[in-house]
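What follows draws every value from the coordinates through simple rules; no lab data is involved. This one's a predicted model, so the numbers in the text were calculated from it and none came from an experiment. Glycine gets a Cβ as well: all are built from the backbone with ideal geometry, and neighbour counts include every protein chain shown.
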Amino acid sequence: TMVGALLGTLFTALSRKRFIVEKELPYPMGQAAYNTLIAGTSKGRGGKLLFSALIISILFTFFRDGIPLIPAVLVLFAGNALIAPISIWVSPMAAGIGAIIGPALSLTWLGGALLAYLVMTPAGIALNLFSDMAAADLFRQNLGIGLMVGTGVGILLKTAYQKMKGRKERVRSTFTFKSQSAILVAIIVVVAVVLLTLFTEINLIQAILTILGIYLTTQLAATLTGETGINPMEILGILVLLAVQIIYTPTTLAAFSIAGVTAIASGLTGDMMNDLKSGHLVGTSPRSQIIAEGIGGLIGSIVAIVALFVLKEAYGGFSSEFLPAPQARAVTAMVGGLGHPVAFIAGIVIALALYFGNIPAATLGLGIYLPINISLIMGLGAILFIIFNAFSKKDHKELVKERTALIASGLLGGEGISGVLLAIIAMFL
């Protein structure tokens with residue numbers, strides 16, 4: 001956990017400027033935090049709107065998850081031999097994310113889901129390309145993963161090309177990358193290698209490969225978190241594990257260690273980028289913020305272990321009825337290798353073409369990979385924003401955008417707060 005926190009902080013610091021300043025990715029959670037901070041301005045109107053949405057979201061989530069009077073999922077289509085069941089997640093937070101990241105990214109995400117579930121799967125089964133729905137799901141998931149990985153590869157290729165050409169816009173740290181900074185980076189990487197080789201079953205070659213893979217996945221985590229608000233850290237952990245397995249097969253314990261440290265670093269990158277987005281909007285010093293985030297990440301890596309033991313004692317272990325841990329199951333399933341290599345490679349190739357065509361391939365891949373119930377509610381949030389914006393007067397469009405951001409921020413915060421409170425209550429009941 002500490003190595004993941006170290007590497008996540010390092011690679012976030014090196015890539016902050018690229019994603020937040022140059023690419024100006026939305027980072028919906030970061031925007032929500034910023035909107036909460038400034039909600040008291042404009043004579044309190046913004047604050048009233050945001051906190052009203054927050055209270056509504058808290059109550060809604062309580063009646064959905066605490067006292068299950070509201071269903072968590074609505075089934076829209078029961079499914080048949082060609083089309084899988086279609087449902088929508090009843091989540092104000094997800095709808096808020098769809099509205100706050102904007103129509104382009106939200107509809108790309110939704111388009112990936114519709115393409116996968118309503119076109120690719122039924123057509124593949126009808127043409128006997130897939131033997132059954134399970135085979136179609138395996139192809140879909142690996143294609144989506146390939147698209148996300150291909151985006152990461154595209155980022156690395158573009159960065160390498162720009163550096164070779166000596167372009168002024170090449171990727172740099174937020175700070176001037178002086179010799180002292182290079183020495184600090186080298187020290188952190190060496191410390192990470194030493195810790196991995198001393199305290200896990202990961203050997204030297206695997207440790208070096210893992211750190212190279214973590215650099216790739218942190219870039220991908222920053223992209224996905226910025227574009228969609230979702231950071232599939234367990235998938236990123238699986239990807240690095242698979243890459244290492246191809247070159248140097250690890251032991252079972254080392255395999256889980258590789259996936260774990262990658263997921264931690266990628267998860268921290270997504271969280272830090274959200275915080276750095278808030279700080280950028282507020283005008284906070286990025287240097288001070290990164291130092292504080294790094295200290296918090298290291299402390300959190302220790303506290304998280306204690307929290308996991310508490311959860312284990314409270315619920316009788318993981319993979320139980322109350323802690324199904326689907327992400328952990330995914331890692332376990334993928335330790336043996338990819339389920340559909342052809343779909344995975346096809347996804348990488350398609351993603352490279354889309355990435356260099358300035359099309360958000362990772363967001364498309366996320367829509368293909370995730371269950372459609374998540375994508376539908378995200379898309380609904382974006383569609384509602386489009387409708388309200390279309391019927392507003394020209395001179396009110398900026399106001400509609402501002403109020404949408406405030407309402408969405410309240411919805412995000414409300415479901416997040418109530419979810420944490422309900423989880424804490426469940427531990428003691």
Largest fluctuation, 269, 223, 284 only, Gaussian network model of the chain with Cα springs under 10 angstrom, belongs to 284
Of (i) 132; (ii) 167; (iii) 154, the label for volume of the Cα convex hull per residue in Å³ derived from the coordinates: (ii)
For the chain, the dipole about the Cα centre with charges only on Cβ (Lys and Arg +1, Asp and Glu -1), to the nearest 20 debye, works out at 1520
Less than 12 Å Cβ to Cβ from residue 419, Lys/Arg counted +1 and Asp/Glu -1: what total charge do the surrounding residues give? -1
Over 19 Å (Cα to Cα) - which of 48/394; 23/277; 48/401 fall in this group: 48/394
I'd like the chymotrypsin sites (Phe, Trp or Tyr not before Pro) in the range 349-406 restricted to DSSP loop residues with at most 14 other Cβ atoms within 10 Å, sorted by number. 356, 391
Theoretical gain in end-to-end length, residue 52 to residue 393 [0.36 nm per residue, Cα-Cα removed]: 120.3 nm
By per-residue mean of other Cβ atoms within 10 Å, what is the highest-first order of 343-354, 98-109? 98-109, 343-354
Considering the dipole of the range 2-427 built from charges on the beta carbon (Lys and Arg +1, Asp and Glu -1) around the Cα centre, which of 247, 411, 135 is farthest to its positive end? 411
For the range 183-272, listing chymotrypsin sites (Phe, Trp or Tyr not before Pro) in a DSSP loop whose Cβ sees at most 14 other Cβ atoms within 10 Å gives 248
For the chain, with a Gaussian network of springs between Cα atoms less than 10 Å apart, report the residue from 340, 280, 396 with the top mean-square fluctuation. 396
Rounded to the nearest 0.05, what FRET efficiency do residue 386 and residue 38 give with R0 = 25 Å and r taken as the Cβ-Cβ distance? Could you check? 0.50
Contour minus Cα-Cα distance for residue 119 and residue 81 (0.36 nm per residue): 12.3 nm
Hey, quick one: spin label on residue 248, modelled 7 Å out along Cα-Cβ, who in the range 199-231 has an amide N within reach, i.e. under 17 Å? 199-215
Approximate spin-label separation residue 22-residue 187, in nm, with each point projected 7 Å along Cα-to-Cβ: 2.7
What does the charge add up to near residue 225, with Lys and Arg as +1, Asp and Glu as -1, over the other residues with Cβ less than 12 Å from its Cβ? -2
In what order do 117, 161, 27 fall by count of nearby beta-carbon atoms within 10 Å, going from fewest to most? 161, 117, 27
Helical contribution to [θ] at 222 nm, DSSP H n ≥ 4, -39,500 (n - 2.57), averaged over the chain, rounded to 500: -24000 deg cm²/dmol
